[in-house]
């Protein structure tokens, strides 16, 4: 009888000590996005394209400038064919080739590309659709926030 009691107590302690004490409201389950930018990925048909921290900055003249990073994790090279912000085709300058792990960065100190929509037709704080078109991976559309040209985005120009 004593052995059975010890075995039951050991089982009870093992189950209670290994369970999550915080339950369904644990702080690790309440993760918040820490940047304004959105993320997306294309993983169909063997593609591994990732969009990181994508957002749009509205400049003083009403243009929209894309901010964010595109990474190709697949060994096969791809190419960015175009970008549309809020239905307006952007003018892209700089790098458009996506080799494996060599990102395309829009804006910032290590930027190697720029995408500008001549007319944003959106207000600061609203969300717009940003569509990107790739030679191999196809198309992806994310909903990005429009930021004003201040704080860390003060240096973003058309």
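The values are calculated or read from the model by the stated rules, or taken from the named source; none is laboratory data. For clarity, every value in this text was computed on a predicted model and none was experimentally measured. No Cβ is skipped: glycine too gets one built from the backbone with ideal geometry, and neighbour counts run over all protein chains shown.
At a glance:
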| read-out | value |
| --- | --- |
| Leading residue by the ranking (surrounded by the most Cβ atoms within 10 Å (Cβ to Cβ)) among those in region 87-116 that are over 17 Å from the mean Cα position of the chain (by Cα) and under 15 Å from residue 146 (Cβ atoms) | 90 |
| Per-region count, region 1-48, residues in a loop (DSSP other than H, G, I, E, B), within 30 Å of residue 140 (Cβ to Cβ) and modelled with pLDDT under 70 | 5 |
| Test: residue 119 is more than 19 Å from the chain's Cα centre (by Cα), modelled with pLDDT under 95 and either crowded, with 20+ Cβ neighbours inside 10 Å or over 21 Å from residue 153 (Cβ atoms) (or both) | no |
| Residue match in region 55-66 (condition: farther than 16 Å from residue 152 by Cα, in contact with a strand residue (DSSP E or B) (Cβ under 7 Å, 6 or more places away or on another chain), in contact (Cβ under 8 Å) with a residue 40 or more places away in the chain and not in a strand (DSSP E or B)) | yes |
| Pair list, Cβ < 8 Å and 6+ apart or interchain, from region 129-158 residues that are within 18 Å of residue 61 (Cα to Cα) to residues that are part of a helix (DSSP H, G or I) | 147/153 |
| Residue within region 58-74 that is at pLDDT below 95, surrounded by fewer than 20 Cβ atoms within 10 Å (Cβ to Cβ) and in contact with a helix residue (DSSP H, G or I) (Cβ under 8 Å, 6 or more places away or on another chain) present | yes |
| Matching residues in region 69-118 - criterion: being in a loop (DSSP other than H, G, I, E, B) and touching a strand residue (DSSP E or B) at 6+ places or on another chain (Cβ under 6 Å) | 75, 86, 90, 95, 96, 103, 107, 111, 112 |
